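Worksheet: the structure to be examined is printed underneath.
The values are calculated or read from the model by the stated rules, or taken from the named source; none is laboratory data. All of these numbers come straight from a predicted model, not from anything done at the bench. Note: ideal-geometry Cβ built from the backbone for every residue, glycine included; neighbour counts use all protein chains shown.
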Amino acid sequence: MLIPDWIWFAFIFTFGCCIGSFLNVVIYRMPRDKSLITPPSACPACGKHIQFYDNIPLISWLLLGAKCRYCKAKISPRYFIIELFTGLAFVALFFFHFKTNLNAGIGSFSEGGWFIYLLHIILLAAFIAASAIDLELWVIPISICWLVTLAGIIGSATAGFVIDPDIIRGYALLPSASANTAALAAGATIGLIISLLILTTGLIKRSYESEETDYPLGQPQDSQQQPKINHRLEICREILFLLPIIICSVATLWITRKNPHIHSWWLSFSQRPAIAGLAGSLWGYFIGCATVWTTRILGTLAFGKEAMGLGDVHLMGAAGTIIGPLFAVIAFFIAPFFGLTWAAIQMFFKKTQQIPYGPFLSLAIFTVIILHDRIFGYLNLLFYH
């Protein structure tokens, strides 16, 4: 029995709004180091526990007139906006994936498409929360990025048990590494472990470790209240951290290609679906990070002040574990167009409000997900015809 589309859309919209309600908890509590589980939701103004009938997504905010039932304190419209936006985004993603021919490679929902959709809504929900926090406090919680990274790595490694690996690779539904790419990813992972050990032992210092954030939350990092810092020196520490990753990745590739016996074994081992997916996801993480980190390093060295934040680095790395290295790079180059659009709107209304870059990156990633097959088709025409 076929389920009518309107039932699908209604269910997904309701589910998305419920997820959006939870994201509001994340947005408020996570940057303030509060538990996401306890205590139950309460009014920030009077501390009264919010009953379940006052916590229904969208409806409760409207029925209460955007005010607390008890103290009549105003409830931020952000709660309504996040719930509505998440619900609409989930529906839009479902529509473009399964009700149009934009992403035909995903196939039907019941034949494995649900797995790709699940990974995409995890990424989407996490980045909605990260963007909202970034807009308010100019910071992206790394734990949100780690959640997406973990989901991407596990999802890419296990996708072959749900969807035909040839379809995954043929349509680039998820990252899947060639033997050479897998060698680079393995070497980069070894190098990252070495870098973290060196950092832990204190042989190299963490960048911006002594930075004192005396300026109020919500201000951009280049605020005039920020203490004087030698940004070029700090970025050199990051370069030292990255060197083992670069060296080990190149060395591993050389080793797996130089020796015929190792090359033969590695070719067979690395092309197993689970290993190829795992390595592809890891390489997507490294390339996603490298794209932003390179911009951060060059910009800081050139202008003498911190260019982009490490939160943006982790954000793109997390996206790379799901959309893959190539699409992460494409998303990075799409993001400035959203930034320019925002700047044009600001100029039209004669405003000068700055916003962080995380939301632009998130919009670009969502765009790449929606237009995946079109972009992939253009790339095939460009490189293979």
Condition broken by Phe94, with the remaining ones in (1) at pLDDT below 95; (2) in a helix (DSSP H, G or I); (3) under 23 Å from the mean Cα position of the chain (by Cα) satisfied: (1)
Would a scan of segment 47-56 turn up a residue that is at pLDDT 90 or above, under 30 Å from Phe98 (Cβ atoms) and either over 29 Å from the mean Cα position of the chain (by Cα) or charged (D, E, K, R) (or both)? no
Across segment 1-17, what is the number of residues that are assigned to a helix (DSSP H, G or I) and without any contact (Cβ under 8 Å) to a residue 40 or more places away in the chain? 4
Residue ID - farthest from Trp265 (Cα to Cα), chosen from residues in segment 179-206 that are touching a residue at least 60 places away in the same chain (Cβ under 8 Å) and among the hydroxyl-bearing types (Ser, Thr, Tyr): Thr189
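Let's see how each residue does on (1) in contact with a helix residue (DSSP H, G or I) (Cβ under 8 Å, 6 or more places away or on another chain); (2) under 23 Å from Leu135 (Cβ atoms):
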residue	(1), (2)
Trp8	yes, no
Phe11	no, no
Phe22	no, yes
Ile27	yes, yes
Arg32	no, yes
Leu58	yes, yes
Cys68	no, no
Ile81	no, yes
Thr86	yes, yes
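Per-residue answers, yes or no, for (1) aliphatic (A, V, I, L, M); (2) surrounded by 14 or more Cβ atoms within 10 Å (Cβ to Cβ); (3) out of contact with any Pro (no Cβ under 7 Å at 6 or more places or on another chain):
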{"position": "Lys34", "(1), (2), (3)": "no, no, yes"}
{"position": "Pro40", "(1), (2), (3)": "no, no, yes"}
{"position": "Leu62", "(1), (2), (3)": "yes, no, yes"}
{"position": "Lys72", "(1), (2), (3)": "no, no, yes"}
{"position": "Ile75", "(1), (2), (3)": "yes, yes, yes"}
{"position": "Tyr79", "(1), (2), (3)": "no, yes, yes"}
{"position": "Leu102", "(1), (2), (3)": "yes, yes, yes"}
When residues of segment 343-359 are filtered for being surrounded by fewer than 16 Cβ atoms within 10 Å (Cβ to Cβ) and in a helix (DSSP H, G or I), how many remain? 6
Hey, among the residues in segment 153-164 that are surrounded by 19 or more Cβ atoms within 10 Å (Cβ to Cβ) and in contact with a Pro (Cβ under 9 Å, 6 or more places away or on another chain), which one's farthest from Asp373 (Cα to Cα)? Ala157
Take the conditions without any contact (Cβ under 8 Å) to a residue 12 or more places away in the chain and either crowded, with 23+ Cβ neighbours inside 10 Å or within 19 Å of the chain's Cα centre (by Cα) (or both) and apply them to Thr321. Does it pass? no
Among residues of segment 360-385, those that are part of a loop (DSSP other than H, G, I, E, B) and either at pLDDT 85 or above or touching a Leu at 6+ places or on another chain (Cβ under 9 Å) (or both), counted: 1
Find the residue count for segment 127-152, including only residues that are aliphatic (A, V, I, L, M) and either crowded, with 21+ Cβ neighbours inside 10 Å or in a loop (DSSP other than H, G, I, E, B) (or both). 9
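Among Ala66, Ala73, Ala92, Ala42, which is touching a residue at least 60 places away in the same chain (Cβ under 8 Å) and among the small types (Gly, Ala, Ser)?
Ala92
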Looking at Leu84, Leu102, Leu174, which is the one that is aliphatic (A, V, I, L, M), farther than 25 Å from Gly311 by Cα and assigned to a loop (DSSP other than H, G, I, E, B)? Leu102
Do the conditions hold for Leu233, that is, is it part of a helix (DSSP H, G or I), aliphatic (A, V, I, L, M), out of contact with any Leu (no Cβ under 7 Å at 6 or more places or on another chain) and modelled with pLDDT under 95? yes
